[in-house]
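**Q** Take a look at this one; I'll ask things after.
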Amino acid sequence: MRVHASVCRFCAAPLTHEVVDLGMSPPCESFLAAGELDQAEAFHPLRVLVCDRCWLVQLREYVSAEEIFGREYAYFSSFSTSWVEHARHYCVTMRDRLGLGPDSLVVELASNDGYLLQHFLPLGVPVLGVEPAPNVAAKAIELGVPTRVEFFGRALADRLVAEGQAADLIAGNNVLAQVPDLNDFVGGIARLLKPQGVATLEFPHLERTLAGNQFDQFYHEHYSYFSLIAVEKLATHGGSLRVFFRRRDQDGPAPSARVAEIRARELGLGYADLAVYRAFGERVAQTKRRLLRFLIEAKEGGKRVVGYGAPGKGNTLLNYCGIRTDFIDFLVDRNPYKHGRFTPGTHIPIHPVERLDAARPDYVLILPWNLTREITLQMRHVGEWGGRFVVPIPEVTVIDPVEVPA
């Protein structure tokens, strides 16, 4: 086990305040082959802390980034059609907004399987991906996306600039949370950007994580969780958040009124008050009890429960709640990499989606709840045998497929 820093990874203040303790859990993407089920697994604390100086919510580095991403990695972005469409829209929008063309360069950090950069290729915009997981990067290269299989930071940024690969646009979707050394990572972005370049980072908004009781967003590969008050020097617009920023030494537009609006709302909701974070832990415990109560009643009533999806967040929920095959017969997932494997810690088997149709369960527990609309539309035929969907977050909700709007 690594030596864990007891100071904030952003401002170096002592870390003493707990948000929630989710017990011991294995790394969320460490899916097991059948031959590994009778072997010891590594479990690490999943204890979430908050810094009372800069208000960055974070985990200690229980598992290194090299251990998680530097080998074989199980997450492939392209298996969510809605996420791929989100990426396509981003590419077109940024091409038009920034006037990108054949003399530009777009660099994506944690470019995964090429889900985003592939959309710049038909637009005639040169791209470069940076992705540390070799098996995932190989898929991007197959799509024709040039990819550097490395971790990003100041050192790699300097090498790329020396090679003439300074960026007009740097994109980083859901990567900032996965960076142990935030200052090195952001410092690398500043070095890689051209003088008038723009970078965008997207990450789950802590406000929505806490308000939506989304405790399954906490897992070992997510080292940090961001509010706007924790990134107040960055300009943002919209959603969950998408942050736009530029080099500090260059002139540019002032932060929009939206920045002050979101920051004021966060302060008004108490995100600079430890009491807000302490209250979150009790809501999480209530959610666990309610989900287990539902599953116990379903199983004692002779109902069959199958899970849809095997995301990292699902493994946090399964391990924290102690849900194994005594509650869920199996999971199905669209990612072929996970087929024939088992969930870490709970050892629930994972099959192709077609297995769900053959089983005709009474309930389908949706673990990637952020894709609930996509999944319920794809799987509306579950209602043909009387099956219903169950969404565990923010609280247990049962959905009749007949009532899902087209």
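The values are calculated or read from the model by the stated rules, or taken from the named source; none is laboratory data. Please read all numbers here as calculations on a predicted model, not as lab measurements. Areas reflect the complete protein model, heavy atoms only, side chains present, ligands, DNA and RNA absent. Shrake-Rupley method; radii C 1.70, N 1.55, O 1.52, S 1.80 Å.
**Q** How would you classify the range 1-104 from its alpha-carbon gyration tensor, with a ≥ b ≥ c the square roots of the eigenvalues: rounded for a/c under 1.5, else prolate if a/b is greater than b/c, otherwise oblate?
**A** Note, shape of the range 1-104 comes out oblate.
**Q** Given the DSSP H assignment, sum -39500 (n - 2.57) over each helix run of at least 4 residues in the chain and divide by its residue total; what's the result at 222 nm in deg cm²/dmol, nearest 500?
**A** Theoretical 222 nm ellipticity from helices: -9000 deg cm²/dmol.
**Q** Protein chains only, probe 1.4 Å: how do 60, 290, 88, 47 rank by accessible area, largest first?
**A** 290, 88, 47, 60
**Q** On average, how much area does the Cα convex hull of the range 183-338 cover when viewed from any direction, in nm²?
**A** 12.3
**Q** Enter the mean projected area of the convex hull around the alpha-carbon atoms of the range 286-406, in nm², rounded to one decimal.
**A** 6.9
**Q** When the Kirkwood hydrodynamic radius is evaluated over all pairs of different C-alpha atoms of the chain, what value in angstrom, to one decimal, is obtained?
**A** Every distinct Cα pair counted, the radius reaches 22.3 Å.
**Q** Can you bin the range 244-297 into rounded, prolate or oblate? Criterion: square roots of the alpha carbon gyration tensor eigenvalues sorted a ≥ b ≥ c, rounded for a/c under 1.5, prolate for a/b above b/c, oblate for the rest.
**A** Cα axes put the range 244-297 in the prolate bin.
**Q** Could you tell me what percent of the accessible area of the chain is made up of carbon and sulfur, with a 1.4 Å probe and every protein chain present?
**A** The nonpolar share, carbon plus sulfur, comes to 52 percent.
**Q** Which whole-number percent gives the relative contact order of the range 276-388, counting Cα pairs below 8 Å spaced six or more residues apart?
**A** 26
**Q** When DSSP beta bridges are limited to those with both residues in the chain, what percentage is antiparallel, rounded to the nearest 5?
**A** Rounded to the nearest five, the antiparallel share is 45 percent.
**Q** Here is a follow-up. Using only the Cα atoms of the range 139-270, what are the Rg and Dmax in Å?
**A** 16.0, 48
**Q** Express the accessible area of the range 167-297 per residue in Å², computed with a 1.4 Å probe while the remaining protein chains stay in the model.
**A** Averaged over the residues of the range 167-297, the accessible area is 42 Å².
**Q** Among DSSP beta bridges lying fully in the range 151-291, give the percent that are antiparallel, nearest 5.
**A** Taking every DSSP beta bridge with both residues in the range 151-291, the antiparallel ones total about 45 percent.
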